[in-house]
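The values are calculated or read from the model by the stated rules, or taken from the named source; none is laboratory data. Keep in mind the model is a prediction, meaning the values are calculated, not measured. A quick note on method: Cβ atoms are made from the backbone with ideal geometry, for glycine too, and the neighbour counts reach across all protein chains shown. Heads up: the accessible areas ignore ligands, DNA and RNA and are worked out on the full protein's heavy atoms, side chains in. Shrake-Rupley method; radii C 1.70, N 1.55, O 1.52, S 1.80 Å.
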Amino acid sequence: MSTPTWSLVLHGGSGVIDRADLTPEQDKAYRGVLAQAAETGAAVLRGGGAALDAVEAAIHVLEDDPLFNAGRGAVFTAEGCVELDAAIMDGATLEAGAVAGVTHVKNPITAARRVMEASPHVLLIGRGADAFAQGQGLTSVPTGYFFVERRWRALEKQLAREGKPIPPRPAGADTDERQAALAHDEGKRGTVGVVARDARGHVAAGTSTGGVTAKSWGRVGDSPLIGAGTYASDRSCAVSGTGDGEYFIRLSVARAIAALVELKGLSLQAAVDEVIQTDLEALGGKGGVIAVTPDGQMAWSFNTSGMYRARIADGGPLEVAIYKDEA
């Protein structure tokens, strides 16, 4: 079988995603956006574009859709605001950029890329990251842009369980009942990510998230941490993760997978399975990863009941899946 000249894999988060939990309308909605994101990235690759550009373009689709916990559909903190994290990495150069705790950037993945390309740093946080993004001319939006009714209800339930006060709704909140009905609460593992391999054999990875519902103290998970939730190297593979961030950080999940491919010579599927099904499981962590290699291998692995996911390569069909029992 010939090696595909390009390939792309994406995820929209892992977690408690059972067939009984999603209505037919929800199932169709999620699959539709996953397909749209995959095709958007694929269009870049078909045209000879770079893996990095395909990753960013596909993540824009997921960040702009309120169904996913990233960008517009991000979950709320205990204070009733959003704190967004994202990272991107170029496997050809090992250059990387990331932002954490931004509150007004419409597309955090683009802010992460600007950190990589227009600053001497890898990771910027909070108000400084927002100011940097604004200085770069990136689109800033008011807090109300990120309001999704379903996410707010999830915040209210979580704060009630914890016995904490419920903050006032953000100004300009859009109470769209249709989105409230469509969005599914996948638990605490909502993230989006894309990995790609372009026609030149270069790989790239990107991850974006709103974190966990009702988070406090400026909590940051694995998504913006290079080597934990995001990693890419032409010497091994590109990886994006979704799951219990604290466990992904402790295991350096993304870098561990790359090391198994580069140093032990494992196939990509064997490497992702070893880290997710054995190492992560042993610690009690839950989540999943997607990955691609410079030689065209594609893989995903997760130890939850579901993971929103899709993959496509030249010469092959688009595959979209949600549940554990799907191929």
Exercise. Percent of accessible area on segment 76-166 owned by carbon and sulfur, 1.4 Å probe?
Worked result: 52
For this session: Select one label from (1) 99, 47, 37; (2) 56, 43, 32; (3) 56, 46, 37: the one whose number is Cα extents along the principal axes in Å as derived from the coordinates shown.
Result: (3)
For this session: Highest first, please rank the peptides 92-101, 7-16, 79-88, 259-268 by the mean number of other Cβ atoms sitting within 10 Å of their residues.
Result: 7-16, 79-88, 92-101, 259-268
Exercise. Which of A313, P24, I125 sits farthest toward the positive end of the charge dipole of the chain, with +1 on the Cβ of Lys and Arg and -1 on the Cβ of Asp and Glu?
Worked result: I125
For this session: Sort the following peptides by mean Cβ neighbour count (other Cβ atoms within 10 Å, averaged over residues), highest first: 117-125, 51-59.
Result: 51-59, 117-125
Problem set entry | Helical segments meeting 18 Å axial Cα length and Kyte-Doolittle -1.0 threshold in the chain (DSSP H) | 24-46, 51-64
Exercise. Under a GNM of the chain (C-alpha, springs under 10 Å), which listed residue has the highest mean-square fluctuation: G285, G163, G126?
Worked result: G163
Exercise. Out of residues 5 or more away from F68 or on other chains, whose amide H comes under 5 Å of its own, with H placed 1.01 Å from N in the peptide plane?
Worked result: G73
For this session: Can you work out the accessible area per residue across segment 253-317, with the rest of the protein chains kept in place, probe 1.4 Å, in square angstrom?
Result: 33
For this session: Roll a 1.4 Å probe over the protein chains and send me the accessible area per residue for segment 46-124 in Å².
Result: 28
Exercise. Considering only protein heavy atoms and a 1.4 Å probe, what is the carbon-and-sulfur percentage of the accessible area of segment 207-327?
Worked result: 53
